[in-house]
Amino acid sequence: MFKTAKMEIKPVLENPLQAFYTDKFQLFDIIEVILSQLPYCKELTMTSFSISEEFTRKIYRFREQFFINEINLFLDTKAAAKVQKLNLFLKNTFDNVYLTNNHGKVIIFDSDPRVSICTSQNQTRGNRKESHVITTDCQIYYLFEKAICDMKSKAVKL
């Protein structure tokens, strides 16, 4: 699936807006392709209703492979019980894990360029068609960043 994503996703430096509606690759494939295109990623912030062990393992690997300085995760409070068995692994993978009322699935890359993904896929394996929008539009990045900052002010840190 990564090979398909790598073929489909064009370089973000040259393509500021890309959209997909597919079951041919997963969200973690998209994140990997984007990280491979960026010169660095100072901070990766992810929001989701829920997360799986498989997805967490991918992010754990990306941290070292792409030298990401900080990774933050925002999950929904209702999903906290579901992912409770992953708490230790989450704490070892992410610098900060926050629980809050959240159903959004947004990933922002504090990098050059700044990249945002808005998707329908939770941070789990989704073998259904999912929508993904990738953009380097700074206005969208800052809109998501502000919304995440507001969410953080009401969140409980794991």
Cα centre as origin, Lys/Arg/Asp/Glu Cβ charges: the range 2-82 dipole, Debye: 100
Backbone N under 15 Å from the ASN127 label point (7 Å along Cα→Cβ), restricted to the range 15-51: 23-26
Helix 27-37 vs. the chain, principal-axis angle (Cα, 0 to 90°, nearest 10): 60
Charge dipole (debye, nearest 20) of the range 32-74; +1 at Cβ of Lys and Arg, -1 at Cβ of Asp and Glu: 60
Carbon and sulfur %, accessible surface of the range 28-146 computed with the full protein complex present, 1.4 Å: 50
Whichever aspartates and glutamates have a C-alpha closer than 16 Å to that of LYS24, once near sequence neighbours (fewer than 8 apart) are set aside: GLU8, GLU32, GLU130
The chain: relative contact order in percent, alpha carbon pairs under 8 Å with at least 6 residues between: 29
Mean accessible surface per residue for the range 1-125, computed with a 1.4 Å probe while every protein chain stays in place, in Å²: 48
Residue-by-residue Karplus 3J(HN,Hα) for the range 107-116, coefficients 6.51, -1.76, 1.60, Hz, glycine and proline x: 10, 10, 10, 7, 8, 10, x, 6, 10, 10
Shape of the range 96-138, Cα gyration tensor, a/c cut at 1.5: oblate
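The values are calculated or read from the model by the stated rules, or taken from the named source; none is laboratory data. None of the values given here were measured: they were computed from a predicted structure. Neighbour counts run over all protein chains shown; Cβ positions are idealised from the backbone, glycine included. Each accessible area value is taken on the protein alone, full model and side chains, heavy atoms only, with ligands, DNA and RNA left out. Shrake-Rupley method; radii C 1.70, N 1.55, O 1.52, S 1.80 Å.
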